[in-house]
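> Please read through the structure below; I'll follow up with questions.
The values are calculated or read from the model by the stated rules, or taken from the named source; none is laboratory data. As the structure is a prediction and not an experimental result, all values here were calculated from the model. Cβ coordinates were reconstructed from backbone atoms using ideal geometry, including for glycine residues, and neighbour counts include every protein chain displayed. Side chains are part of the model used for accessible areas, which takes the heavy atoms of the whole protein and leaves out ligands, DNA and RNA. Shrake-Rupley method; radii C 1.70, N 1.55, O 1.52, S 1.80 Å.
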Amino acid sequence: MLTPMVAGGVVFPGLFLLSKNTLQRLPQLRWEEADAVIVSARLVSSVQAVMASTAGYIVSTSCKHIIDDQHWLSSAYTQFAVPYFIYDIYAMFLCHWHKHQVKGHGGDEGSTRARGSTWAVARGYLHKEFLMVLHHAVMVLVCFPLSVVWRQGKGDFFLGCLLMAEVSTPFVCLGKILIQYKQQHTLLHKVNGALMLLSFLCCRVLLFPYLYWAYGRHAGLPLLAVPLALPVHVNLGAALLLAPQLYWFFLICRGACRLFRPRGSRPPSPCQTQD
């Protein structure tokens, strides 16, 4: 177990530092640190998402029996990804910090004010990204122990499907970068927005009904009878995982509402998702 976790602890922060330093030092680029940090954090998230969804596809398609079949990648990648969630909490804070500095709220007037500004930025970060930080903490403190201990080698198919939820992440990251650099008017942003909406709906929202359907097919049960046949804690866990996905999907739909609204029409309400 230790080797994949150590590898993840080296790969994700290492890729972030490599990307940031490359963007800052290449003569053709020479990006400011804030831009390099923000783009590098999105890049690492996208790389992790591609790796996770690829591992999930391999596991889910390899397990013919959805309960008993096992694949070594299911446990190996779960252990490898744990350091990513810890790293990403810090990377998101760095992004928030640099955005705060760019807006002219940095603490440059003495160490006392700097410390106060740091705490203020940290509070603002936790307030703005509370759900994402909570999601990452739950993945490390709850989902990881459950996946390596409670499952006891069962249900690799379901874990593989859950890993494939990361398919939407690269589109989310690219959308945030385009918004950050005022590229909402471009065709790339509109195409990416459509792909983000579709992938998030299929891989994060409809994923859970699919998992219930897959179990019902295995057990010979109709879809509506599956929740009644499962233990309460399984249904509760699925509901807790689905709830933030529905909230984020609602935010994406609000963003799409503004993105695809005809020009010149009056907005019915603020629809843009802030980053």
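> Going through Ala76, Ala36 one at a time, which residue ends up being more than 16 Å from the chain's Cα centre (by Cα), without any contact (Cβ under 8 Å) to a residue 24 or more places away in the chain and in a helix (DSSP H, G or I)?
Sole residue among the options that is more than 16 Å from the chain's Cα centre (by Cα), without any contact (Cβ under 8 Å) to a residue 24 or more places away in the chain and in a helix (DSSP H, G or I): Ala36.
> Can I ask one more? Does segment 126-137 include one or more residues that are modelled with pLDDT under 85 and exposed (fewer than 15 other Cβ atoms within 10 Å of the Cβ)?
So far as segment 126-137 goes, no, none of its residues is modelled with pLDDT under 85 and exposed (fewer than 15 other Cβ atoms within 10 Å of the Cβ).
> Only residues that are free of Cβ contacts under 8 Å to residues at least 24 places away in the same chain, of a type outside the set (Lys, Arg) and not in a helix (DSSP H, G or I): list them for segment 134-178, please.
Gln152
> Checking the structure you have, find out if any residue of segment 232-244 is closer than 30 Å to His100 by Cα and either assigned to a helix (DSSP H, G or I) or open to solvent by 30 Å² or more (accessible area, probe 1.4 Å) (or both).
Checked segment 232-244: at least one residue is closer than 30 Å to His100 by Cα and either assigned to a helix (DSSP H, G or I) or open to solvent by 30 Å² or more (accessible area, probe 1.4 Å) (or both).
> Would you check which residues across segment 171-203 are crowded, with 17+ Cβ neighbours inside 10 Å and in contact with a His (Cβ under 6 Å, 6 or more places away or on another chain) and list them?
Leu178
> Looking at segment 105-123, can you tell me whether even one residue there is in a helix (DSSP H, G or I), charged (D, E, K, R) and modelled with pLDDT of 90 or more?
Going through segment 105-123, the residues in a helix (DSSP H, G or I) turn out to be 111-123.
When the remaining residues are screened for being charged (D, E, K, R), the result is 113, 115, 123.
Subsequent filtering for residues that are modelled with pLDDT of 90 or more retains none.
No, segment 105-123 has no match at all.
> Provide a single number: the residues in segment 3-33 that are in a helix (DSSP H, G or I) and open to solvent by 70 Å² or more (accessible area, probe 1.4 Å).
7
> From the list Arg217, Arg254, Arg258, exactly one residue is more than 24 Å from Met196 (Cβ to Cβ), assigned to a helix (DSSP H, G or I) and open to solvent by 30 Å² or more (accessible area, probe 1.4 Å). Which is it?
Arg217
> State which residue is modelled with the highest pLDDT when the search covers only segment 71-104 and only residues that are surrounded by fewer than 17 Cβ atoms within 10 Å (Cβ to Cβ) and farther than 21 Å from His136 by Cα.
The selected residue is Trp72.
> Does segment 185-207 contain any residue that is within 30 Å of Asp35 (Cβ to Cβ), among the aromatic types (Phe, Trp, Tyr) and touching a residue at least 12 places away in the same chain (Cβ under 8 Å)?
Among the residues of segment 185-207, at least one is within 30 Å of Asp35 (Cβ to Cβ), among the aromatic types (Phe, Trp, Tyr) and touching a residue at least 12 places away in the same chain (Cβ under 8 Å), which makes the answer yes.
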